[in-house]
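The values are calculated or read from the model by the stated rules, or taken from the named source; none is laboratory data. From a predicted model like this one, the values you see are computed outputs, not experimental measurements. Backbone-built Cβ (ideal geometry, glycine too); neighbour counts: all protein chains shown. These accessible areas exclude ligands, DNA and RNA; they are computed on the full protein's heavy atoms, side chains included. Shrake-Rupley method; radii C 1.70, N 1.55, O 1.52, S 1.80 Å.
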Amino acid sequence: MHGFKGERTLMRIFIGESDRCESGEYRGKPLHDALVRMLRARGCAGATVLRGLAGFGASARVHTARVLELSLDLPIVVEVVETEEKVQELLPELDAMIGGGLVTLERVRVILYRPGDVAESERWRHRIEGLEPDEGGD
């Protein structure tokens, strides 16, 4: 299990639903699926794929999930929180896999990371400095 807290890097990969992997063992597979499989194989702590309702990218073509304008290429975002070192290791492979899209990086502070089956009584036992309201009131 990954046990990390503190400063990490959030990587967001913006692609389209119809995008395919450009190279490697996942060549030709849906890109979002190939990315998740590659990230898991490289030992990342986790990845989440989000499907957008609408959006546009560099082409300025609007993609939407509205019934009358149904797009077969809805926006997809793959999010990964990892160490900066791990993200930097992944970038060359991502560059080869992704034909068109956007990759962003930002610093985040991880305050909790554990499996979802932790007993309720154990949840949020730690006071998180700077995130709780002042007890004195204002």
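Selection of the stretch 29-63 for residues being more than 16 Å from Leu102 (Cβ to Cβ), open to solvent by 60 Å² or more (accessible area, probe 1.4 Å) and modelled with pLDDT of 95 or more yields Lys29, Arg37, Arg40, Ala41, Arg42, Thr48. Just so you know, in the stretch 65-82 the residues that are modelled with pLDDT of 95 or more and open to solvent by 40 Å² or more (accessible area, probe 1.4 Å) include one that is farthest from Glu22 (Cα to Cα), and it is Val81. If you go through the stretch 15-28 and pick out every residue that is surrounded by fewer than 18 Cβ atoms within 10 Å (Cβ to Cβ) and in contact with a Gly (Cβ under 7 Å, 6 or more places away or on another chain), you end up with 2. Of all residues in the stretch 83-95, those being touching a helix residue (DSSP H, G or I) at 6+ places or on another chain (Cβ under 8 Å) and open to solvent by less than 50 Å² (accessible area, probe 1.4 Å) number 2. Pairs please, first residue from the stretch 6-27 and part of a strand (DSSP E or B), second anywhere and open to solvent by 50 Å² or more (accessible area, probe 1.4 Å) and small (Gly, Ala, Ser), Cβ atoms under 8 Å, 6+ apart in sequence or on different chains. Filtered contacts from the stretch 6-27: Ile13/Gly101; Phe14/Gly101; Ile15/Gly101; Gly16/Gly101; Arg20/Gly99.
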